[in-house]
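First the structure, in the form of structure tokens, and then the observations on it.
The values are calculated or read from the model by the stated rules, or taken from the named source; none is laboratory data. For clarity, every value in this text was computed on a predicted model and none was experimentally measured. Reconstructed Cβ throughout: ideal geometry from the backbone, glycine too, with neighbour counts over all protein chains shown. Only protein heavy atoms, including side chains, enter the accessible area calculation; ligands, DNA and RNA are left aside. Shrake-Rupley method; radii C 1.70, N 1.55, O 1.52, S 1.80 Å.
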Amino acid sequence: MPVAVYPGTFDPVHLGHVDIATRAAALFDRLIIAVYDRPMKSLLFPPEKRVEMMVQAMAHLPNVTVESYGGLTVDYVRAVGARVIVRGLRMIKDFELEYQMALSNRQLAPDIDTICLMTSLEYAFLSSTIVHEIAVAGGSVEQLVPPHVCEALRLALAQGTEHLTTGTAGLTVPE
Ligand code: ADP
């Protein structure tokens, strides 16, 4: 299959995302990781930083490119000439959300299909929100994110957790 798009917020990218992307990259000729620029949830990192961190995390995969996008995912998928959306599934909770999203996207674009890859067991608990929470509380996220993301989190949090509650400097309360 030629091209697939793996869209998400990736705030920040963690090893569960890297695992899904690595496995999807083995199934498709080309994988585009599409970083959603302004989701309806509060963010820790601005779009450019989320893209930059994802580019570094994907350096080992020559057939993966990373871009940011806005608007409808299906419009973006069509614009890049793909017909497949890749998503990851962890728990039942994810299934309900992904199912609803896949059906909504099919309603909007019947020519585009969603393929969900099951998480690897070791990442079943992992989410960007969990990474935020551990980092904010001073715990180690070394086993959860690539090293450069660890450093970016450290720098972001060193600016003071008051930023996390005031939403200034691009830092807002984690979801
Ligand atoms: P979104 O806001 O679009 O859900 P995320 O960055 O949270 O963006 O997640 C992007 C995709 O990666 C989603 O399909 C999500 O279910 C999947 N995902 C997130 N964490 C994991 C994980 N630990 N294992 C497998 N898939 C995951």
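Six or more apart or on different chains, Cβ under 6 Å: which pairs go from a residue in segment 18-36 that's touching a residue at least 60 places away in the same chain (Cβ under 8 Å) to one that's in a helix (DSSP H, G or I) and surrounded by fewer than 24 Cβ atoms within 10 Å (Cβ to Cβ)? Could you list them?
19/123
Hey, among 173, 136, 131, which residue is farther than 21 Å from residue 73 by Cα and modelled with pLDDT of 95 or more?
Only one candidate qualifies: 131.
So how many residues does segment 1-38 have that are near the ligand (Cβ under 10 Å from one of its atoms), within 14 Å of residue 62 (Cβ to Cβ) and of a type outside the set (Gly, Ala, Ser)?
1
Looking for whichever is at pLDDT 95 or above and open to solvent by less than 20 Å² (accessible area, probe 1.4 Å) here; the options are 66, 74, 80, 55. Which one fits?
Going through 66, 74, 80, 55 in turn, just one is at pLDDT 95 or above and open to solvent by less than 20 Å² (accessible area, probe 1.4 Å): 74.
Here's the yes/no breakdown for (1) among the basic types (Lys, Arg); (2) open to solvent by less than 20 Å² (accessible area, probe 1.4 Å); (3) in a strand (DSSP E or B); (4) over 26 Å from residue 122 (Cα atoms):
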{"site": "50", "(1), (2), (3), (4)": "yes, yes, no, no"}
{"site": "59", "(1), (2), (3), (4)": "no, no, no, no"}
{"site": "62", "(1), (2), (3), (4)": "no, no, no, no"}
{"site": "93", "(1), (2), (3), (4)": "yes, no, no, no"}
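Name, by its number, the condition in (1) in contact with a strand residue (DSSP E or B) (Cβ under 9 Å, 6 or more places away or on another chain); (2) in contact (Cβ under 8 Å) with a residue 40 or more places away in the chain; (3) open to solvent by 50 Å² or more (accessible area, probe 1.4 Å); (4) within 14 Å of the ligand (Cβ to nearest atom) that does not hold for residue 41.
(1)
Which of the residues that make up segment 95-124 are assigned to a helix (DSSP H, G or I), over 14 Å from residue 5 (Cβ atoms), more than 7 Å from the ligand (Cβ to nearest atom) and not acidic (Asp, Glu)?
95, 97, 99, 100, 103, 104, 106, 107, 108, 121
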